[in-house]
1. Tell me the residue from 105, 126, 78 that is farther than 27 Å from residue 203 by Cβ and loosely packed, with under 13 Cβ neighbours inside 10 Å, please.
2. Select, from 157, 166, 153, 193, the only residue that is surrounded by fewer than 19 Cβ atoms within 10 Å (Cβ to Cβ), within 24 Å of the chain's Cα centre (by Cα) and either in a loop (DSSP other than H, G, I, E, B) or modelled with pLDDT under 95 (or both).
3. Which one is modelled with the highest pLDDT among residues in the range 7-31 that are closer than 23 Å to residue 323 by Cα and surrounded by 21 or more Cβ atoms within 10 Å (Cβ to Cβ)?
4. Going by what's in this entry, would residue 274 be described as assigned by TED's automatic domain parsing to the domain that holds residue 329 and either surrounded by fewer than 23 Cβ atoms within 10 Å (Cβ to Cβ) or without any contact (Cβ under 8 Å) to a residue 40 or more places away in the chain (or both)?
5. Can you list residue pairs whose Cβ atoms sit under 6 Å apart, with the first residue in the range 11-27 being within 16 Å of residue 40 (Cβ to Cβ) and the second being at pLDDT 80 or above and part of a loop (DSSP other than H, G, I, E, B)? Count only pairs 6 or more apart in sequence or on different chains.
6. Return the total of residues in the range 288-324 being in a helix (DSSP H, G or I) and crowded, with 16+ Cβ neighbours inside 10 Å.
7. Look through the range 196-215, keep the residues that are more than 14 Å from residue 330 (Cα to Cα) and under 24 Å from the mean Cα position of the chain (by Cα), and return whichever of them is surrounded by the most Cβ atoms within 10 Å (Cβ to Cβ).
8. Could you please give the count of residues in the range 325-342 that are surrounded by 16 or more Cβ atoms within 10 Å (Cβ to Cβ) and either free of Cβ contacts under 8 Å to residues at least 24 places away in the same chain or assigned to a loop (DSSP other than H, G, I, E, B) (or both)?
């Protein structure tokens, strides 16, 4: 196979493995899922949770996902790993486009027909690690190819299905989520410099006037953005990453979608107003927002940009995350705060 490094040292910290150790893990995965002979492996460093590796074998192309809790920074628990699979299967049943999971084929006949998850004990980790293999969707994300109006309308329908899901999920704290702006701000307040500090404080003042109890709750994807949605040459879509799916205000999910998928600070204010209205109208066709939600949506979108900026700043200054991706979120958050203030949301 190729000798190209699987991942950078920062990425390797997620599992505390070097390349040789990672290749040993991959070899066990390939045998367990009967994927053929390994040709190449490449780590995907986009995203903050999980260890994702593209596997090219004699049987095809696959995505290996090693499940890591991005908040606790350790392997996901058994229950959390099972919830991950349950979430994917439930969303698939609801008609949401997402990758197909592969069954483990080694072991007893019962295991062959019932489990997608493989557990391994790996070096430098006191807890066993759960992993799964899914089909690799050949598509382009919407960071590389910005969405059209039709993309916004089509993708909004998937968000509606998620927010209407009958899954039972508990809220989890996530500093990237707009409904946790107050807490996210407390964690990073000392790191913020002017003029961004003033912009964040202006949003926080408006945010604190929202009565969170009046916001209807639902299952939320919590990361419904350009980097987690793909489109192929046939016009098919694919939704990725379900590690932070939980329960929260549906308005928070909508705000992240508008800020992180529809709008673009590199575009004109006129174009961004159109993108905002397009995404909102498409979502509102499936879910009738309350007057209170509509009143505070603009503030929640601003909070979304603040929550792109704040945890990324924390990652950079405290966790020493110097990656290009992390800098991207800092820039996106700052630019979005400036843009939405000019738009007077």
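The values are calculated or read from the model by the stated rules, or taken from the named source; none is laboratory data. Source: prediction; values computed, not measured. Neighbour counts are summed over all protein chains in view; Cβ atoms, including those assigned to glycine, are modelled from backbone coordinates with ideal geometry.
1. On the way: 105 fails: loosely packed, with under 13 Cβ neighbours inside 10 Å; 78 fails: loosely packed, with under 13 Cβ neighbours inside 10 Å.
One residue alone meets the criteria, 126.
2. Working: 157 fails: either in a loop (DSSP other than H, G, I, E, B) or modelled with pLDDT under 95 (or both); 153 fails: either in a loop (DSSP other than H, G, I, E, B) or modelled with pLDDT under 95 (or both); 193 fails: within 24 Å of the chain's Cα centre (by Cα).
Just one listed residue meets the conditions, 166.
3. Out of the qualifying residues, it is 22.
4. Values: assigned by TED's automatic domain parsing to the domain that holds residue 329: yes; either surrounded by fewer than 23 Cβ atoms within 10 Å (Cβ to Cβ) or without any contact (Cβ under 8 Å) to a residue 40 or more places away in the chain (or both): yes.
Yes, satisfied.
5. Pairs that qualify, where the first residue is within 16 Å of residue 40 (Cβ to Cβ) and the partner is at pLDDT 80 or above and part of a loop (DSSP other than H, G, I, E, B), are 25/122.
6. 22
7. 203
8. 3
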